[in-house]
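See below for the structure under consideration.
What follows is calculated from the coordinates using simple rules that are stated; it is not laboratory data. It should be emphasised that the depicted structure is a prediction, and the values quoted were computed from it without experimental measurement. Virtual Cβ from ideal backbone geometry, glycine too; neighbours counted across all protein chains shown.
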Amino acid sequence: MNILQLLGKKKQKKNLGVCIPTARKQIAQKAAEEPSLTGPLPDSTVNAFFVEGVFAVHDSISLQGKMVQGTTRIGNLIEIKGKELLVKDISVEKKPVDCIHGGERGTLFLLAKYFPIIRQGDTLEF
């Protein structure tokens, strides 16, 4: 077999299917099992946000997830794990909005001097 014959010969490609990272699978399983995401939260909790992604940049934290219960507005001070954070900006479906309501997926941008430890899969109650 010469080089021209080798170059013209096409190899069969393998079908790899869909690849879902293990960490994302664990978050989805935890969300499905966690009763607070499907049922009502205790009456003492006014607002709750389920965290699906956390990013820290300079003096800001970006929390991606779902507002499970309640409403949060730009300018609200919220206390999470003993740290007071200011809601700097909110986006829903990648569009800036003034507030996020229960049941909506979006991103909260928070200002903080000291960051609390927030992980994927946490439900923040404030």
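Sorted ascending by nearby beta carbons within 10 Å, beginning with the fewest, 58, 101 become 58, 101.
Figure legend: label point modelled 7 angstrom from the Cα of residue 59 along Cα→Cβ; residues of region 77-92 with amide N under 17 Å from it are 77-78, 84-89. The Cβ shell under 14 Å around residue 88 holds other residues with a net charge of -2, Lys and Arg each +1, Asp and Glu each -1. The phi torsions of region 96-104, fed into the Karplus equation with coefficients 6.51, -1.76 and 1.60 and a -60° offset, translate into couplings of x, 9, 7, 8, 10, 10, x, x, 8 Hz, rounded to whole numbers, with Gly and Pro shown as x. The count of lysine pairs in region 43-126 that are at least 8 places apart or cross chains, and whose C-alpha atoms lie under 17 Å apart, stands at 5.
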